[in-house]
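Encoded as structure tokens, the structure appears first; notes follow it.
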């Protein structure tokens, strides 16, 4: 498997476009994106578990339930189209129809996704003009994929794309994706807008299976602020143009596909966590030695979501008691008196806790290790062999600034 | 029932003291406190559910389990005596013994409580000198109760005391308490250090029953940062000096006691929430119209703990979508399309959401309402008649400042 350039157009037959429709007043950035494949793609999706679901989420869930293939996905940033009632459902349908009419397919061939402020109505005239522009600008160039990744950003500071190629059944297969997400990020079954495309031939059933397994290890293991969004959407579309024999069952080909998908989504997930609103650094928490996988996941997520851990990391303060505390209230039973804890970064590695109490570590060295853009905390519970990794970020002044005045 | 002056010495027979033992280097504030009653008091307690329990929590749990009465409680701030191993257990016992030796009682007659940094060892020589000083300074004056409330503060900005008197069985009964807590506040079964005293005659069993019911409505309904501490301790001591016929069963007297206790602890809990680390304002969330009590509690707590709600409140931004979103991921099933939401403060009241979508409210008026020291959000789920109230605070730059560099 190799990393390759590009994002959602890395796979054969997929094109993309971005445009400025003017969804959020005062903003001049591109705010609509389209991903499209002439050859219909089998597809799968996972979505937010929030009871309050945005109109595009409801639309996509229905398509996943009743359709085998789609031709693309249209996305907008600026307004989430959530808590928008019947009018929101209608304007979402118009967004899909706008693309469908241009491309001479049905509205139900087009997935939708929105991100932005909750409770506002989409400006349907602007959306309508936007969809026409998008269809005109479709291109398979990497620059178009990149423009699409930029168009879906809100408080994100960097676009997030990743692509790989691998060989499946003797054919070269490509998988590429883009994602956005910076605030209201605590995915539960999926993440804030992630669109992955592949030319691999794989059945809808196996695609859904691969995606549902993958999300548990990737997007469900990140958190920026513990707020599970109303709009979380993670879609994979597979148009089969790589020409491999279609994956219909488990086996070596399926495993190779899952591995390549995981490579793409792990990178996208880590990029989201590290680009959390206001974040200065990526915090990785590895929980080793747990008695069950579920406990390892719970412990790792409890630590990355603790505001007190996140602020300590912000201040380069090795206040390890907060990590033990966050483990302790996670709901997992364990013996704190056998836990080990260490931290590492490119500045080195340091044991902070041995059998539940502090080692005689150097605070200066600890601060050096924490003062890096990527920091890892490694827990060993000494209760078994299960392990899990979660990703988050520090909690900073900038998070407050962004969110105390988000709508203006 | 009347509010009266004072705190832990408002009830007959209880005295208090505070002293500077020098537990945290560089600090000159009082850091030890003692609450004492010559007449042995029946007592009850609830404690943190965190798996990682501080040495004083383990000590108190054991005393509640095996003893009927105690004579007092010694408390320190600066070091939490958590994750401190066998040495921590021993230094906690020495703290109780230091008081016991002076007062000629047994170490097991003295409850303990600690708050501060996790993972450090208590300086036993300083503690030993401190206990002697405390016993010399014991006094029933309100000033001593106040000094004790100040001595247990860490990042708190105000001491927290409250006292009431009421008539039970024809006798005037007093209940007074003090509490501390500002960060790592998300009590689960209890709160960060609350000591309540009363001269009411009530059996240990009824006292525990009253306290266990009370905590669900008070300390378990507040959150500052969603971090459940290792040291949460809520103790009530009742020495019976009011001379009422001892409460041994449910009935009017028991109800009067519960009401008075609730009056004290509700005020203490709200003071803790409003004095959350870095907080500029108290946020109250009332959930009405829930189908079950449990759902009302879950919804109210989900909203007060959302970082995105807390930052919006900080910025006086009526970003109500975040409230709906936090309700939606709480785990409670409901119909978002029938929910109403309004906000109020001493500046007025305003309906923001009617049947799941925005009313045509004035943003200017909303900002005026939010720009007050106490702000209430009122949710109506229209699914039943159950209700719950939770208290939290806004999330500010100062929270980051305090916690990015807590230990220095």
Quick check: anything in region B:216-233 away from chain A (no Cβ under 14 Å), assigned to a helix (DSSP H, G or I), touching a residue at least 12 places away in the same chain (Cβ under 8 Å) and within 24 Å of residue B:170 (Cα to Cα)? no
Need a quick list: strands (runs of 3 or more DSSP E) entirely within region A:117-203 having at least 3 residues that are out of contact with any strand residue (DSSP E or B) (no Cβ under 8 Å at 6 or more places or on another chain). none
Could you say which residue among B:70, B:35, B:57 is in a helix (DSSP H, G or I) and touching a residue at least 60 places away in the same chain (Cβ under 8 Å)? B:57
Considering only region B:339-360, I want to know if a residue exists there that is in contact with a helix residue (DSSP H, G or I) (Cβ under 7 Å, 6 or more places away or on another chain) and within 30 Å of residue A:367 (Cβ to Cβ). no
Which residue is nearest to residue B:13 (Cα to Cα), if the candidates are limited to region B:186-215 and must be more than 9 Å from the chain's Cα centre (by Cα) and within 13 Å of chain A (Cβ to nearest Cβ)? B:189
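Does region B:57-71 contain any residue that is more than 22 Å from residue B:135 (Cβ to Cβ) and either surrounded by 24 or more Cβ atoms within 10 Å (Cβ to Cβ) or within 14 Å of chain A (Cβ to nearest Cβ) (or both)?
So far as region B:57-71 goes, yes, one or more of its residues are more than 22 Å from residue B:135 (Cβ to Cβ) and either surrounded by 24 or more Cβ atoms within 10 Å (Cβ to Cβ) or within 14 Å of chain A (Cβ to nearest Cβ) (or both).
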Is it the case that residue B:224 is outside the structural domain of residue B:316 (by TED's automatic domain parsing), closer than 28 Å to residue A:225 by Cβ and crowded, with 24+ Cβ neighbours inside 10 Å? yes
Filter result for the condition that a residue is over 17 Å from residue A:300 (Cβ atoms) and facing chain B (nearest Cβ under 8 Å), over A:333, A:373, A:337, A:398: A:337
Flagged in region A:372-406 as in contact (Cβ under 8 Å) with a residue 24 or more places away in the chain, touching a helix residue (DSSP H, G or I) at 6+ places or on another chain (Cβ under 6 Å) and in a helix (DSSP H, G or I), in numbering order, are A:397, A:400, A:403
Which one is nearest to the other protein chains (Cβ to nearest Cβ) among residues in region A:114-130 that are in contact with a helix residue (DSSP H, G or I) (Cβ under 8 Å, 6 or more places away or on another chain) and modelled with pLDDT of 95 or more? A:122
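Residue by residue, here is whether (1) buried (at least 24 other Cβ atoms within 10 Å of the Cβ); (2) closer than 19 Å to residue B:148 by Cβ; (3) out of contact with any helix residue (DSSP H, G or I) (no Cβ under 9 Å at 6 or more places or on another chain) holds:
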{"site": "B:164", "(1), (2), (3)": "no, yes, no"}
{"site": "B:169", "(1), (2), (3)": "no, no, no"}
{"site": "B:172", "(1), (2), (3)": "no, no, yes"}
{"site": "B:181", "(1), (2), (3)": "yes, yes, no"}
{"site": "B:185", "(1), (2), (3)": "yes, no, no"}
{"site": "B:193", "(1), (2), (3)": "yes, yes, yes"}
{"site": "B:211", "(1), (2), (3)": "no, no, no"}
Counting only residues that are surrounded by fewer than 19 Cβ atoms within 10 Å (Cβ to Cβ) and either within 14 Å of another protein chain (Cβ to nearest Cβ) or modelled with pLDDT under 90 (or both), how many does region A:283-297 have? 1
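For region B:331-354, enumerate the residues that are part of a loop (DSSP other than H, G, I, E, B) and either surrounded by 23 or more Cβ atoms within 10 Å (Cβ to Cβ) or in contact with a strand residue (DSSP E or B) (Cβ under 6 Å, 6 or more places away or on another chain) (or both).
B:339
Results for (1) under 30 Å from residue B:50 (Cα atoms); (2) touching a strand residue (DSSP E or B) at 6+ places or on another chain (Cβ under 8 Å); (3) more than 10 Å from every other protein chain (Cβ to nearest Cβ); (4) buried (at least 24 other Cβ atoms within 10 Å of the Cβ), shown as yes or no for each residue.
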residue	(1), (2), (3), (4)
A:263	no, yes, yes, no
A:266	no, no, yes, no
A:277	yes, no, no, yes
A:281	yes, yes, yes, no
A:322	yes, no, no, yes
Give the residue that is surrounded by the fewest Cβ atoms within 10 Å (Cβ to Cβ), with candidates limited to residues of region A:78-92 that are away from chain B (no Cβ under 13 Å) and under 24 Å from the mean Cα position of the chain (by Cα). A:78
Applying the selection to region A:306-320, what residues are more than 8 Å from chain B (Cβ to nearest Cβ) and under 23 Å from the mean Cα position of the chain (by Cα)? A:309, A:310, A:313
Residue satisfying all of: in region A:40-54; outside any loop (DSSP other than H, G, I, E, B) and more than 19 Å from the chain's Cα centre (by Cα); surrounded by the most Cβ atoms within 10 Å (Cβ to Cβ) among these: A:41
Among the listed residues B:19, B:28, B:37, identify the single one that is crowded, with 24+ Cβ neighbours inside 10 Å and away from chain A (no Cβ under 14 Å). B:37
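The values are calculated or read from the model by the stated rules, or taken from the named source; none is laboratory data. On a predicted model such as this, the values are computed, not experimentally measured, just so you know. A quick note on method: Cβ atoms are made from the backbone with ideal geometry, for glycine too, and the neighbour counts reach across all protein chains shown.
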